[in-house]
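Everything on this sheet refers to the single structure shown next.
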Amino acid sequence: MSLLPEQSPFRPDQKKSLESLLSSMDDGQRMWLGGFLSAGVGVQVSGASTVKVPLTVLYGTESGNSEALADRTVKAAKKRGFKPVMKNMSECVPADMEKVENLLVVVSTWGDGDPPESAEEFHQVLMSEKADLSGVNYSVCALGDTSYEQFCETGKQIDARLAELGGKRVVDRVDCDVDYDELYEGWVEKAFAALEPQGGGVGFVDQVVSNGPSVEYGKKNPFPSELLDKVLLNGERSAKETWHYELSLEGSGMNYEPGDALAVVAKNAPDMVEGILGAAKLVGSEEVELKGGHQKLLADALREDLEVTSLSRSVLKKLNEVVGNDRLTRLLSDEGKEELKDYLWGRWVVDAIGDFAPDGLEAGQLVGLLRKLPPRLYSIASSPLAHPDEVHLTVASVRYDGVGGARKGVASTYLADLVNKGDEVSVFTHLNKGFRLPESGDTPILMVGPGTGVAPFRAFVEHRAELGVSGDSWLFFGDQRYSYDFLYQLEWQDHLKSGALSRLDVAFSRDQPEKVYVQHKMLERSREVYDWLERGGYFYVCGDASRMAHDVHEALIQIVEKEGAVSREEAEGYVANLKKEKRYQRDVY
Amino acid sequence: MSEEKLAANEGIKTRSNYLRGTLAEGLADLSTGSLSEDDQQLLKFHGTYQQDDRDIRAGRRANKLEKAFSFMIRIRVPGGVTTPHQWLEVDRMADEFANGTIKLTTRQAYQLHGVIKSNLKRTINGDGYDCGVWRCESERDVLSQPISFGVACGGFKSVTGDFRSLDAADPCLS
């Protein structure tokens, strides 16, 4: 039971001292102290400066993390006596930054070192056009994922460019991996200290901030959700393995909306743990210390805390620091870039250990190579209105043959193989503001969601059905074979009958000699697709980022070109405008 | 005209706009792999029968899937004579659009199974297949025996040739 409330403006160490001091005092002493302090004697009252320092927190977000951090920064900045304002890169231009005095940038990197979609235009203009940022003090917090080659590339580019344009970097950039909290907190503390007028003294109060309205459970404290049901969605003769999972959110205090995602904190499978122990020639009962200071048995740490599969440049670098191998050094060099790409393909950490540390590793060395096991995000496939206290997922189990043998996805196979009905899975909701149904229920919606991309559209349609809205809806679905891979077919039939879904078009790639995909169906219906857009329709795409999203984007432009009888450039402009108006939304991975 | 009550089928036929029914719409609706009862009846006149995969029937509902519907197509072979080229084309169709097997019936026809609705029109029309004069049975085949006795001429005679010209000549039969 603490004397001081949660929101008291003291650093953890100050809070501790204060509480121990206050609890040791009697009433008389406390009253005296209160009087003494309010006389303002010998105490620097922080935040009393009459002029509040302006601060702009600029963010570029894809899945909501950068936005959440920007929000946290703004809240903390207010407490520190700043006058902060939050800006989304999608809503401003680099020229706006010229008038900014203090700028903090939080931006993530996606795919092959690309900026988040909502920040694309801002980034492109920033990199190519001149701006005079000579009066700007700034610092950048870059978010990324070390399993990608171009780690934090966007953040790096922006950091360099701001300096090029005359900005003054007051705090060095930090490059955060998926587990960004620690680095972020260190960075923002330094940034505040550098930008505020007088030595502040008010520490950064670490609040339990969670995504969404949840109170107790969230990212820092995942909810142990009971698996209510798991159902295989593919028919018996299918070549694929897609599961429908139903999880309980009862008692979690977590809410979500259609379009949001659920983060699943998986565990590594026993064979994954055994494999890496074997390669490192360790037993598993060795005691190790993890970042944050806890002690654990190696096998437990490998199972629950560490990413033991995904091989990245960053892991190889750390491995080379331990083994010092010529070939590895060459792979990590500039000349070895292509070779590195080849090497990383189809390999896990266990393969690299086998190749470069054949005599094994010490427990501490092994743990030092591996990063924290990141939660995996899955687009939610249910509407909370249709399934109160539940959350549903559509997950394809990833299984393939890698260089070293049979390989599999961590979370997808964790759910498929290791979690049974009644078991608990640690989860938390993840807001995705960039993927939402339109405000008005009358607005027509077009949804393109092949394979597991259909998940959020199940949520959309269920939601609209529950709300009883009258707006038209059109789903384009695709997969391999009609008879076995038509995910949720019976539900779509019901929705068509009830009118919750107005139109359904399907494309199954392996049912005929030529490949037929969703974009072909879109093109077949180009007149009607265009009509729906002209009527104010919203266009959504969910699913595979590498090929499908691009093909669908291309088809959309072609449709506008043809039906709008305009040039290619004008069609591209039309589509870009849809994005600006938030009528073209994508959830691609 | 007879006063007898007509079979239920007759009603379907009469209403069907010369055996068209709602086939066009039924074929276009791909939310389901099946056709309406009435359309299924009409399809029989086109030598096609709707079926479903019984072996996997049990789990389908649980998978949130309807039955695994497909169609059987019977291809008439007038006089029972087929060329090697035709055979190879039917074989190709079996692999590309059916379940890979070919059955031969006691009425001298080919039978392909497992054609899904989205491919039905293509297969019935034989688009992209070069099979000469054969097509799906819109009526029963013209049968013949490879060898028959010519009673009058006291010896063996092939009547296949006669049947082929019979088939070609009479529009009612083709």
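The values are calculated or read from the model by the stated rules, or taken from the named source; none is laboratory data. Nothing here was measured: the structure is a model prediction, and the numbers come from that model. Reconstructed Cβ throughout: ideal geometry from the backbone, glycine too, with neighbour counts over all protein chains shown.
Per-structure values
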| read-out | value |
| --- | --- |
| Single residue of B:D91, B:D39, B:D55 found to be part of a helix (DSSP H, G or I) and over 16 Å from the mean Cα position of the chain (by Cα) | B:D55 |
| Every pair of residues 6+ apart whose Cβ atoms lie under 7 Å, when the first sits in region B:79-93 and is over 12 Å from B:G126 (Cα atoms) and in contact (Cβ under 8 Å) with a residue 40 or more places away in the chain while the second is among the polar types (S, T, N, Q) and in a loop (DSSP other than H, G, I, E, B) | B:G79/B:S144; B:G80/B:Q108; B:G80/B:S144 |
| Residue within region A:104-120 that is aromatic (F, W, Y) and assigned to a loop (DSSP other than H, G, I, E, B) present | no |
| Qualifying positions in region B:94-108 - over 14 Å from the mean Cα position of the chain (by Cα), within 13 Å of chain A (Cβ to nearest Cβ) and assigned to a loop (DSSP other than H, G, I, E, B) | B:N99, B:G100 |
| Only one of A:S470, A:S483 that is within 14 Å of chain B (Cβ to nearest Cβ), in contact (Cβ under 8 Å) with a residue 24 or more places away in the chain and among the polar types (S, T, N, Q) | A:S483 |
| Test: residue in region A:365-377 that is within 22 Å of A:C176 (Cα to Cα), small (G, A, S) and surrounded by fewer than 20 Cβ atoms within 10 Å (Cβ to Cβ) | yes |
| Counted residues, region A:227-258 - those being in a strand (DSSP E or B) and more than 14 Å from chain B (Cβ to nearest Cβ) | 4 |
| Out of B:G79, B:G155, B:G161, sole residue that is modelled with pLDDT under 90 and in contact with a Lys or Arg (Cβ under 6 Å, 6 or more places away or on another chain) | B:G79 |
| Pairs, first under 21 Å from A:R80 (Cβ atoms) in region A:1-21, second among the small types (G, A, S) and part of a helix (DSSP H, G or I), C-beta under 9 Å, six or more apart | A:F10/A:S17 |
| Checking A:W110 against (1) modelled with pLDDT of 90 or more; (2) in contact with a helix residue (DSSP H, G or I) (Cβ under 8 Å, 6 or more places away or on another chain), the condition it does not meet | (1) |
| Residues satisfying the stated conditions in region A:508-546, i.e. farther than 18 Å from A:K562 by Cβ, surrounded by 23 or more Cβ atoms within 10 Å (Cβ to Cβ) and within 14 Å of chain B (Cβ to nearest Cβ) | A:F508 |
| Output for region A:124-157, where each listed residue is touching a residue at least 40 places away in the same chain (Cβ under 8 Å), of a type in the set (V, I, T) and assigned to a loop (DSSP other than H, G, I, E, B) | A:T146 |
| Region B:76-132: number of residues that are surrounded by 19 or more Cβ atoms within 10 Å (Cβ to Cβ) and hydroxyl-bearing (S, T, Y) | 4 |
| 1 or more residues modelled with pLDDT under 95: qualifying strands (runs of 3 or more DSSP E) within region A:259-362 | A:287-289, A:295-297 |
| Qualifying residue in region A:460-470 (condition: of a type in the set (D, E, K, R) and outside the structural domain of A:G537 (by TED's automatic domain parsing)) | no |
| Unique match (being crowded, with 17+ Cβ neighbours inside 10 Å, more than 24 Å from the chain's Cα centre (by Cα) and farther than 21 Å from A:R399 by Cα) among A:L297, A:L331 | A:L331 |
| Hey, A:L490 surrounded by fewer than 18 Cβ atoms within 10 Å (Cβ to Cβ), more than 12 Å from every other protein chain (Cβ to nearest Cβ) and not aromatic (F, W, Y) or not | no |
| Number of the exception - A:S310 against (1) more than 21 Å from A:Y400 (Cα to Cα); (2) surrounded by 13 or more Cβ atoms within 10 Å (Cβ to Cβ); (3) among the hydroxyl-bearing types (S, T, Y) | (1) |
